[in-house]
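Single-structure report; data block below.
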Amino acid sequence: MSLFNFAVAKTIMHVPRPIVSYFAKGYIAGSTLDDAVRVSKDLNRQGMMTTIDILGEFITQFDQAVSFKDQALEILQTIDREQLDGNLSIKPTQMGLLLDKNRCFELIQELVVEAQKLGSFVRIDMEDIGTTDATLEIFDHLRKEYPGHVGTVLQSYLHRTPQDIVDHVEGYQNYRLCKGIYVEPRLHAWKNPQAINRNFIHCLELMLKQGAYAAIATHDELLVYETMHLVRKLGLSPDKYEFQMLLGVDEELREIILKEGHRLRIYVPYGVDWLPYSRRRLKENPSIAQHALKQMLGLNKH
Ligand code: FDA
């Protein structure tokens, strides 16, 4: 890592809002649902599906959770009305998981019921390790009652993930698999990038062989290559899995995936609560800040 990237990664949590906003613009559709619809329509036209997420997490009052649930219902209804090729992603802590697990379950259930009514789908994102058991428990209840309309996320940096896959072998399984973005203790999470990647492919193979629908969420070219190799080896048709990428990241890789005949969904976040999301993205890839800075200084011109 260059000195610049190291400095960005170390200090990003203290960088003021306007500066983060400048660097993070490309990762977020805008502040309103209309922005997310506009971006989704554009991506749909280019042959990509989307998943829309309203930004917000780790809330402190339960009425905030109810408000997020109402906004998420509006997303599902708007997707239906505007005939978008898209679905909904939510965060459990946004729905009050850390305040009241039972009420959080009820809010998420309300969303999944609506998704079932509209023929849509709700993806429950995975957050830090303090929420893993509760999130899987919620998913486990919902997948039995509403198969085809709910999925969750598993993280390949966690030691436990292969076992979690095996533990859910019975019944409907639908996972987004990603590396994982939170800073977890080494006793629970692999730190070596190669171990995280090997576990990713190990988990993917496990879930696909168990008959799960898998959403492969990565911008890592090696994992994209390994996935393409694996689905070919297993003889899977493209409707059994999809790739997923974040808005604003590596458009060339998008083209490669589509050109090879795979399906691709873009994660489209919107909202006013963009700061924690953007800080995580910049911490993850400080070179974005470097590119933006060069552009600002006119150093990127050919
Ligand atoms: P890696 O970080 O190695 O990046 C591979 C390449 O992509 C590098 O060249 C890197 O520079 C580039 N890149 C990666 N991230 C970038 C960025 N933000 N901007 C620009 N370039 C970037 N995590 C989680 O814990 N819970 C969740 O629910 C989700 N949900 C989710 C949905 C979707 C659709 C995606 C794509 C990712 C997530 N994640 C997530 C985040 C995920 O766990 C992981 O942190 C990031 O995807 C980065 O890991 P990569 O696999 O892309 O590899």
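Could you work out the local net charge near Gly171, counting Lys and Arg as +1, Asp and Glu as -1, over the other residues with Cβ closer than 15 Å to its Cβ? Walk me through the intermediate numbers first.
Numbers: positive: Arg143, Lys144; negative: Glu137, Asp140, Glu145, Asp164, Asp167, Glu170.
The answer is -4.
Over the C-alpha atoms of the chain, what are the Rg and the largest Cα-to-Cα span, Dmax, in Å?
For the chain, the Cα radius of gyration and maximum Cα-Cα distance read 18.7, 57 Å.
Using Cα positions and a limit of under 18 Å, work out the aspartates and glutamates in reach of Lys191, with same-chain residues fewer than 8 apart set aside.
Cross-link targets: Glu127, Asp128, Asp220, Glu284.
Which of Tyr175, Tyr27, Tyr225 moves most in a GNM of the chain, Cα contacts under 10 Å?
Tyr225
Taking H placed 1.01 Å from N in the peptide plane, check which residues at least 5 places from Leu246 or on another chain put their amide H under 5 Å from its amide H.
Tyr267
Using Cβ counts within 10 Å as a stand-in for footprinting exposure, how do Ile256, Ile124 rank, fewest first? Don't skip to the end; give the middle numbers.
Numbers: Ile256 16, Ile124 25.
The fewest-first ordering by Cβ neighbours comes to Ile256, Ile124.
At a threshold of 8 angstrom on Cα-Cα distance, excluding pairs fewer than six apart, so keeping six or more, what relative contact order does the chain reach in percent? Intermediate results must be reported in sequence, preceding the final value.
Numbers: 466 pairs, mean separation 76.4, N = 302.
The normalised contact order for the chain reaches 25 percent.
Which listed residue (Ile129, Gln210, Gly248) has the Cα farthest towards the positive end of the charge dipole for the chain, taking +1 on Lys and Arg C-beta and -1 on Asp and Glu C-beta about the Cα centre?
Gly248
DSSP loop trypsin sites (Lys or Arg not before Pro) in the stretch 145-248 with at most 11 other Cβ atoms within 10 Å of their Cβ, which ones?
On the way: sites: Arg160, Arg176, Lys179, Arg186, Lys191, Arg198, Lys209, Arg232, Lys233, Lys240; in loops: Arg160, Lys179, Arg186, Lys191.
In loop regions of the stretch 145-248 (DSSP not H, G, I, E or B), the sparsely surrounded trypsin sites (Lys or Arg not before Pro) are Arg186, Lys191.
If you put +1 on each Lys and Arg Cβ and -1 on each Asp and Glu Cβ, how big is the dipole of the chain around its Cα centre, in Debye rounded to 20? Present the calculation step by step, with values, prior to reporting the outcome.
Numbers: 35 positive and 39 negative charges, 201 e Å.
Computed charge dipole of the chain: roughly 960 debye.
Fewest first, what order do Glu145, Glu110, Glu57 take by the number of other Cβ atoms within 10 Å?
Working: Glu145 13, Glu110 16, Glu57 19.
Taking fewest neighbouring Cβ atoms as first place, the list is Glu145, Glu110, Glu57.
Can you compute 3J(HN,Hα) from phi for each residue in the stretch 112-126, using the Karplus curve 6.51 cos²θ - 1.76 cosθ + 1.60 with θ = phi - 60°, rounded to whole Hz and x for Gly and Pro?
5, 4, 5, 4, 5, 4, 8, x, 10, 8, 10, 9, 8, 4, 9
Which three extents, in whole angstrom, do the alpha-carbon atoms of the stretch 18-146 cover along their principal axes, largest first?
The Cα atoms of the stretch 18-146 stretch 39, 38, 24 Å along the principal axes, largest first.
Counting Lys and Arg as +1 and Asp and Glu as -1, each charge on the Cβ, what is the dipole of the stretch 147-279 about the Cα centre in debye, to the nearest 20? Numbers along the way, then the final one.
Numbers: 15 positive and 16 negative charges, 48 e Å.
That gives the stretch 147-279 a dipole magnitude of about 240 debye.
If you add up the charges near Glu251, with Lys and Arg at +1 and Asp and Glu at -1, over every other residue whose beta carbon is less than 14 angstrom from its beta carbon, what do you get?
Working: positive: Arg254, Lys259; negative: Asp42, Glu221, Asp250, Glu252, Glu255.
Overall, the nearby charge balance is -3.
Given an 8 Å cut-off on Cα distances and at least 6 residues of separation, report the relative contact order of the stretch 75-223 as a percent. Write down the numbers at each step before the final one.
Working: 208 pairs, mean separation 28.5, N = 149.
It comes to 19 percent, rounded to a whole number.
Amide H neighbours of Thr50 under 5 Å, counting only residues 5+ apart in sequence or on other chains, H built in-plane at 1.01 Å?
Placed amide hydrogens put Gly86, Asn87, Ile266 under 5 Å from Thr50.
Each reported figure results from applying straightforward, stated rules to the coordinates on display, with no laboratory input. Since the model is a prediction, treat every value here as computed from it, not as a measurement. Note: ideal-geometry Cβ built from the backbone for every residue, glycine included; neighbour counts use all protein chains shown.
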